[in-house]
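Comments concern the structure below.
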């Protein structure tokens, strides 16, 4: 079986990269599997993980049969991200193994755990949605705007006055603090279509 190993730490200061790589190498050796790629990444969990994406591309090309990680939190940025990537790997027929949690998603028990993770991911999405709605409602109660910024359409007379005075669109935009696109739209409105 050909596997790809993925190790990640949040900062350069953490010393677990070697620990993670050693644990995954020992696991592969115990099972007689060959390690095709060992990917290591240093960085925060919220940033893009280009190295992880490289391993996912290898899975899509069927260059590996399974991905091994030291812990689940090393792989997923969130429960939703974890479930989405596990779902994609399952659809590709690529296994996923987390050593610390002793989860092997190539087994029936592991697949059952993946289903539970999907339930928690859905729960996390719903909780987040409720928090956002509550935050918006709270802001509105306190008179704060939410959504798109107010239209700058009330500035049309100023734009037309300055254009009549001979200023360029760029100069008008600078003087009024508008974008050049807004100024152009005010001066040259697009024709309306007949319905």
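What follows is calculated from the coordinates using simple rules that are stated; it is not laboratory data. The model shown is predicted, which means the values in this text are computed figures rather than measured ones. Cβ atoms come from the backbone with ideal geometry, glycine included; neighbour counts cover every protein chain shown.
Given a 10 angstrom Cα cut-off, can you work out which residue in 183, 94, 68 is the most mobile in a GNM of the chain?
So, out of 183, 94, 68, the one fluctuating most is 183.
Just the number, please: percent antiparallel of the DSSP beta bridges in the chain, rounded to the nearest 5.
10
Looking only at 60, 145, 21, which one moves most when the chain is put into a Gaussian network model with springs between Cα atoms under 10 Å?
145
So how much slack lies between residue 127 and residue 109, counting 0.36 nm per residue of separation and subtracting their Cα-Cα distance, in nm?
Roughly 3.8 nm would be gained on extension.
Using helices alone, what [θ] at 222 nm do you get for the chain, with -39,500 (n - 2.57) per DSSP H run of 4 or more residues, divided over all residues and rounded to the nearest 500?
The helix-only estimate for the chain comes to -16500 deg cm²/dmol at 222 nm.
Would you mind telling me which residue in 154, 90, 146 has the biggest mean-square fluctuation in a Gaussian network model of the chain, where springs connect alpha carbons within a distance under 10 angstrom?
The residue with the greatest mean-square fluctuation here is 154.
Please give, to one decimal in nm, the separation of the simple spin-label points placed at residue 134 and residue 61, each 7 Å out from Cα toward the Cβ.
Once both label points are built, they end up 4.7 nm from each other.
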